[in-house]
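> Following this message is one structure expressed as structure tokens.
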Amino acid sequence: MTKLIHPYSLQAFPTEKILKEFKPVRGCHVRGKIELPPGQAELLFASLRNRDSDPLAWQKPTVEVDLRPLFDAIAERMGYDPALLAEGRGETGRADHAWSTYADESGFPLLVRWQAGQGELLLSIGIFGREELSVAMLADEAGLETMLKVHDVVTGIEATRGRTERVSVPVGDTMQIVEVASRSAWSYFGPCVTVCLPPDRQLNELRRKDLERIFGGVLLLVGTEEEVNERHGGIAGFPQLKANALRLVSIPASTARLDFGPTEPLSESLVELINEAGVRRAWRAFESTADERAAALALPHALRRAAEDIRAGSDVGQALAHAEADILTAGFAQVDYFALADAITLEELHHFDGRPARLLAAAKMGKTRLIDNLVI
């Protein structure tokens, strides 16, 4: 398979333009377990254990997560050239379709700006926790058809977490196979829609049409009466659901659980609320990446400013203190270290005497620890 290339840095992503002009109408956010070979898994765990205490962590190799199967699956579904998607320079092999990727050297987080005809989509891909891949996808009105076309490809990463339920849903002129949440995800109690399957596991026409209108949005939990009622059985005020019944939980503007019997359709206003909840969840994932990206620029900027000050003869201690203050002002939670060191021995230097030296820095932004260095 073609190696993934990140031709554009995160700094080049047009964040302000996107936040101002992009109007998503549907969004999904899923997490799936990262499958790592034993050697890489051990390396990942070791780096996670040591990164808070190891001042040389920036020298350590990183574990690479292979996104090529996801990109290849999207290419196959859309009729794209997978090699062009791997390059991420805008070409797809189809006229009026473009695919541009933005990431720094680590590869994560990775943002994809995707043009599909008149439609526009965004993908935000990152590492969540220790071994989970986080994928958020957003589409505007014209891009909705494309999102629905590849939805099961993207949400298929849930399948790595356990058994998934497959339900066919009419979308336009096609029947889509929906990959819904695995059993392990049933502990999730955020915005979600629960649907109760009949014994033959075939939903009635009314409920299938409801799913078509919310397809690709918030988390969808599908199960038999026994599975659904077992999940909700211990929650006070949650009556048992019957076959073809539907339940909304934690949908914004809804102060309580809403149940719909087998013959009760969802109103247009509720459909809008459900889809808005999905957009907000995916949009938060993108905005979080955008915000952290913007704030993260403070780290290299602080390094360059400190280097300039030190070269100009400023006191090393004062230059480092000013740099730390700039980093904290930019939104970092804490600075683990910001030091001047000998470029060869890495011995900490309190005065600059002209020898080859290196500035080393590590700071935390949310749950992410950013590490950088600069040669003086």
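> Under the 0.36 nm per residue contour assumption, what length would be gained going from the current alpha-carbon distance of residue 118 and residue 318 to full extension?
Residue separation times 0.36 nm, minus the Cα-Cα distance, leaves 66.7 nm.
> For the stretch 344-355, what does the Karplus curve 6.51 cos²θ - 1.76 cosθ + 1.60, with θ = phi - 60°, yield as ³J(HN,Hα) per residue in whole Hz, taken in order and with x for Gly and Pro?
Karplus-based 3J(HN,Hα) across the stretch 344-355 equals 9, 8, 6, 5, 5, 10, 9, 9, 9, 10, x, 5 Hz.
> Once both labels are modelled 7 Å past Cα along the beta-carbon direction, what's the residue 325-residue 345 spacing in nm?
Label-label distance for residue 325 and residue 345, simple model: 3.2 nm.
> What's the percent breakdown of Cα-Cα distances in the stretch 297-375 across 5 Å bins, shortest bin first?
3, 18, 30, 24, 15, 7, 2, 0
> I would also like to ask the following. Tell me, what is the FRET efficiency for residue 242 and residue 104 to the nearest 0.05, using R0 = 45 angstrom and their Cβ-Cβ distance as r? Don't jump to the answer; show the numbers that get you there.
Details: r = 51 Å, r/R0 = 1.14.
The pair residue 242/residue 104 has a calculated efficiency of 0.30.
> Still on this structure, please answer the following. Suppose R0 equals 35 Å. What FRET efficiency, 1/(1 + (r/R0)^6) with r the Cβ-Cβ distance, do residue 337 and residue 21 give to the nearest 0.05? Kindly include the intermediate steps, with their values, before the conclusion.
Values: r = 40 Å, r/R0 = 1.14.
So, using R0 = 35 Å, E works out to roughly 0.30.
> Quick one: length gained pulling residue 83 to residue 142 fully straight, 0.36 nm per residue minus the C-alpha distance? Walk me through the numbers on the way to the answer.
Details: separation 59, 0.36 × 59 = 21.24 nm, distance 2.57 nm.
Extra length available between residue 83 and residue 142 comes to 18.7 nm.
> Sort 347-356, 239-248 by packing, meaning the average of other beta carbons within 10 Å per residue, with the highest value first. Working shown, then result.
Numbers: 347-356: 10.9, 239-248: 18.8.
Sorting 347-356, 239-248 by mean packing, highest first, produces 239-248, 347-356.
> Separate question: Counting Lys +1, Arg +1, Asp -1, Glu -1, what net charge surrounds residue 322 among other residues with beta carbon under 12 Å of its beta carbon? Before the final figure, lay out the partial values.
Values: positive: 305; negative: 308, 309, 315, 324, 326.
Local net charge: -4.
> May I ask you to derive the FRET efficiency for residue 95 and residue 11 from their Cβ-Cβ distance with R0 = 41 Å, giving the value to the nearest 0.05?
0.90
> Please state the relative contact order of the stretch 297-375 as a whole percent: Cα pairs under 8 Å, 6+ residues apart?
Values: 125 pairs, mean separation 22.7, N = 79.
Reported as a whole number, the value is 29 percent.
A short reminder: the numbers here are calculations on the coordinates, not readings from a lab. In this text the structure is predicted, and so the values were computed from the model without any measurement. Cβ atoms come from the backbone with ideal geometry, glycine included; neighbour counts cover every protein chain shown.
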